[in-house]
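Peer 1: I'd like to ask you about the structure that follows.
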Amino acid sequence: MSASAFTTAGFAGTVEELVQRTQRLYVEDDVPWVVGYSGGKDSTATLQIVWTALQGLASEQRHKPVFVISTDTLVENPVVAAWVGRSLDVMSASADMLGIPLTTHRLTPKVSDTFWVNLIGKGYPAPRPKFRWCTERMKINPSNAFIRQVVSDHGEAILVLGIRKAESAVRTRSMNRQEAARVRDLLSPNASLPNSLVYSPIENWSNDDVWTYLMQRPNPWGYDNKDLLTMYQGASEDGECPLVVDSSTPSCGDSRFGCWTCTLVDKDKSMSAMIQNDHEKEWMLPLLALRDLLDTPDDRHLRDFRRLTGRIQLHGDRLIHGPYTQAAREQWLHELLKAQSWIREHAPENVRDTQLITRDELREIRRIWVVDKHEFEDRLPAVYEETMGEPFDEGTLDGHLPLGADELTELRELCDNDLHYQLVRDLLDVERQQKLSLRRRGLLDELEATLERHFYDDADDALDLALRRRQRKNNDDPLVADFIRPLTSETTT
């Protein structure tokens, strides 16, 4: 057990000293503060210290803005997402009423960077430790973009984070290194974000210290910390997702404040525990089931035998599979919408409006399928209507559909197999896109790339050809084209 930070000066003395230290740090310059808030215990305690410090200053001393940022990946645990959303609303209203220069900001990833656009749209396989494509897109980029904008507007920024040395040995070493490099009292350098410094007010607190503080000091913006404790007690593991500003921050998928889709851990213990400990949360069962489907150990049957670029890549004597196939992506969308429909029917009123996937994401997925992947069957509206029981009322894509439904059916019947059908379909769409372009430069290159991508009869044919080409290349055959890329990572897309 970590030593308590309250031992020397006692609870009241330690908290009062910390509040005064925070006030001195706030008033001594004009550098704005950015407070990371996840809704969990550590970020709540940190924000309470900041809020109390600001509230204790005279109005003329509250001279610079405090931005409270909360990153919503759009795949957060719905219970926690609802909690954080309501907290931000209450916080904003309370700050306005009290004249505290604090504003709240819910950050989300760009549509092109969301989990479902990458997985269902582009076909990225579910994240793995060696292919952790989600963290930077969904967490790091939104927060860093906001902080960079603050730095751009004000020249500098001070990040106030609820990080603690007692969280882990790795965190202790990291914070000790940052502390040794401090150029200002209490402020550590931030290697990943220029012109920003980090203030960690509860860095020496233990886990028990945090809860002692939250239970003895009422939440100053009017939320109930006892409800927070109840939410924590609903799960078996302790932890939360802090503000993520660099890739060294570990995944938090096994905590109650992680993404419900996270496959970077063996099991979502927190959601499982929430359901087990509270039968009223059984409405989350479809989410847990979908998460487990995504975590299929061997998903090669769901993925194209070609890489995202269309090339073939070997690992030993087997193919490294690439993105999810068209059929698999349609099935993932079906499963997701089915879970969405279940939530609408069975979830409590306060989370019934939870969107597992937004309309913007659905539109972008549709665009990727039809325009980027040449899948002009335009299957998304049909999958949506089949699953949700209502039309996908987002207009048509007639300009991107060179063939109608009857013509597509006839084309399928004429082709020997699905790969040959894809080849003809893609060639038609490349020609259509080039025809609509003012400049037809690159048409031959695109046609050649399309032919190369569909050069095979099936995966076995591709594997046989790749092995033979590798053998010839090993024999220094000068006629072998640079067709097979060397293996760099089995898990890159």
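The values are calculated or read from the model by the stated rules, or taken from the named source; none is laboratory data. Since the model is a prediction, treat every value here as computed from it, not as a measurement. Cβ coordinates were reconstructed from backbone atoms using ideal geometry, including for glycine residues, and neighbour counts include every protein chain displayed.
Peer 1: Kindly establish whether ALA449 is among the hydrophobic types (A, V, I, L, M, F, W, C), over 18 Å from HIS321 (Cα atoms) and at pLDDT below 55. First the steps, then the outcome.
Peer 2: On the way: among the hydrophobic types (A, V, I, L, M, F, W, C): yes; over 18 Å from HIS321 (Cα atoms): yes; at pLDDT below 55: no.
Spelling it out, it is not the case that ALA449 is among the hydrophobic types (A, V, I, L, M, F, W, C), over 18 Å from HIS321 (Cα atoms) and at pLDDT below 55.
Peer 1: In addition: Looking at the structure I just gave you, is MET97 surrounded by 17 or more Cβ atoms within 10 Å (Cβ to Cβ) and either over 30 Å from GLU330 (Cα atoms) or of a type outside the set (D, E, K, R) (or both)?
Peer 2: When the stated conditions are applied, MET97 does not pass them.
Peer 1: (1) at pLDDT 85 or above; (2) of a type in the set (Ser, Thr, Tyr); (3) farther than 24 Å from GLU364 by Cα: which one isn't true of THR491, the others all being true?
Peer 2: (1)
Peer 1: Scan segment 308-334 residue by residue and report those that are basic (Lys, Arg) and at pLDDT 90 or above.
Peer 2: Matches in segment 308-334: ARG318, ARG329.
Peer 1: I'm trying to understand the selection: among the residues of segment 32-65, which are of a type in the set (S, T, N, Q) and more than 28 Å from the chain's Cα centre (by Cα)?
Peer 2: Hits for segment 32-65 are THR52, GLN55, SER59, GLN61.
Peer 1: Please enumerate the residues belonging to segment 376-386 that are crowded, with 16+ Cβ neighbours inside 10 Å, on the phi < 0 side of the Ramachandran plot and out of contact with any Asp or Glu (no Cβ under 9 Å at 6 or more places or on another chain).
Peer 2: First, the residues of segment 376-386 that are crowded, with 16+ Cβ neighbours inside 10 Å: 376-381, 383-384.
Now drop any that are not on the phi < 0 side of the Ramachandran plot, which leaves 376-377, 379-381, 383-384.
Correct list: GLU377 only.
One line per residue, one yes/no per condition, for (1) at pLDDT 85 or above; (2) within 23 Å of ARG300 (Cβ to Cβ); (3) surrounded by 11 or more Cβ atoms within 10 Å (Cβ to Cβ):
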position	(1), (2), (3)
GLN434	no, no, yes
ARG439	no, no, no
GLY442	no, no, yes
LEU465	yes, yes, yes
ARG470	yes, yes, yes
PHE483	no, yes, yes
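Peer 1: Show the residue pairs that are 6+ apart or on different chains and have beta-carbon atoms under 8 Å apart, the first residue being within segment 1-13 and modelled with pLDDT under 90, the second being surrounded by 15 or more Cβ atoms within 10 Å (Cβ to Cβ) and assigned to a loop (DSSP other than H, G, I, E, B).
Peer 2: Within 8 Å, the pairs are MET1/SER206; SER2/SER206; ALA3/SER206.
Peer 1: Kindly indicate whether any position in segment 23-30 is touching a residue at least 60 places away in the same chain (Cβ under 8 Å), surrounded by 16 or more Cβ atoms within 10 Å (Cβ to Cβ) and either assigned to a loop (DSSP other than H, G, I, E, B) or of a type outside the set (Asp, Glu) (or both).
Peer 2: Yes, segment 23-30 contains a residue that is touching a residue at least 60 places away in the same chain (Cβ under 8 Å), surrounded by 16 or more Cβ atoms within 10 Å (Cβ to Cβ) and either assigned to a loop (DSSP other than H, G, I, E, B) or of a type outside the set (Asp, Glu) (or both).
Peer 1: Within 20 Å of ASP42 (Cβ to Cβ), more than 22 Å from the chain's Cα centre (by Cα), modelled with pLDDT under 85 and not hydroxyl-bearing (Ser, Thr, Tyr), is that true of GLU179?
Peer 2: yes
Peer 1: A further question follows. Hey, can you tell me all the residues within segment 200-228 that are surrounded by 14 or more Cβ atoms within 10 Å (Cβ to Cβ), among the hydrophobic types (A, V, I, L, M, F, W, C) and not in a loop (DSSP other than H, G, I, E, B)?
Peer 2: Residues satisfying the conditions are VAL210, TRP211, LEU214, LEU228.
Peer 1: Given the conditions (1) of a type in the set (D, E, K, R); (2) surrounded by 12 or more Cβ atoms within 10 Å (Cβ to Cβ); (3) without any contact (Cβ under 8 Å) to a residue 12 or more places away in the chain, and given that GLU390 satisfies all but one, which numbered condition is not satisfied?
Peer 2: (2)
Peer 1: Then there's this: Which of the residues spanning segment 139-163 are of a type in the set (A, V, I, L, M), out of contact with any strand residue (DSSP E or B) (no Cβ under 7 Å at 6 or more places or on another chain) and modelled with pLDDT of 95 or more?
Peer 2: In the first step, residues of segment 139-163 are kept if they are of a type in the set (A, V, I, L, M); the result is 140, 145, 147, 150-151, 157-161, 163.
Those left that are additionally out of contact with any strand residue (DSSP E or B) (no Cβ under 7 Å at 6 or more places or on another chain): 140, 145, 163.
Residue satisfying the conditions is ALA145 alone.
Peer 1: To continue, here is another question. Which members of segment 265-297 meet the condition of being at pLDDT 90 or above, charged (D, E, K, R) and surrounded by 19 or more Cβ atoms within 10 Å (Cβ to Cβ)?
Peer 2: ARG291, ASP295
Peer 1: Additional query: Would you please list the contacts, defined by Cβ atoms under 7 Å and residues six or more apart or on different chains, that run from a residue in segment 350-375 that is closer than 30 Å to VAL424 by Cβ to a residue that is modelled with pLDDT under 90 and not acidic (Asp, Glu)?
Peer 2: These pairs meet every condition: VAL370/PHE376; VAL370/LEU397; VAL370/HIS400; VAL371/HIS400; HIS374/ARG425.
For (1) at pLDDT 85 or above; (2) more than 22 Å from ASN144 (Cα to Cα), each residue gets a yes or a no:
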| site | (1), (2) |
| --- | --- |
| SER168 | no, yes |
| LEU187 | yes, no |
| ASN190 | yes, no |
| ASN207 | yes, yes |
| MET231 | no, yes |
| SER247 | no, no |
| CYS252 | no, no |
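Peer 1: Let me ask another. Would you confirm whether or not segment 394-415 contains a residue that is outside any helix (DSSP H, G or I), free of Cβ contacts under 8 Å to residues at least 40 places away in the same chain, exposed (fewer than 14 other Cβ atoms within 10 Å of the Cβ) and in contact with a helix residue (DSSP H, G or I) (Cβ under 8 Å, 6 or more places away or on another chain)?
Peer 2: yes
Peer 1: Out of segment 303-320, which residues are within 29 Å of the chain's Cα centre (by Cα), closer than 19 Å to GLN471 by Cα and hydrophobic (A, V, I, L, M, F, W, C)?
Peer 2: Result: ILE312, LEU319, ILE320.
Peer 1: Separate question: Identify all residues within segment 112-150 that are of a type outside the set (S, T, N, Q), surrounded by fewer than 18 Cβ atoms within 10 Å (Cβ to Cβ), touching a residue at least 40 places away in the same chain (Cβ under 8 Å) and part of a helix (DSSP H, G or I); write none if there are none.
Peer 2: Residues satisfying the conditions are GLU136, PHE146, ARG148.
Peer 1: Could you grab me the full set of residues in segment 416-431 that are closer than 19 Å to ASP460 by Cβ and assigned to a helix (DSSP H, G or I)?
Peer 2: Residues satisfying the conditions are ASP418, LEU419, HIS420, TYR421, GLN422, LEU423.
Peer 1: Separate question: Do any residues in segment 294-318 that are in contact (Cβ under 8 Å) with a residue 40 or more places away in the chain and over 22 Å from ASP372 (Cα atoms) have Cβ atoms under 7 Å from those of residues that are part of a loop (DSSP other than H, G, I, E, B) and of a type in the set (Asp, Glu), where the two are at least six apart or on different chains, and which pairs are they?
Peer 2: What qualifies is HIS315/GLU490.
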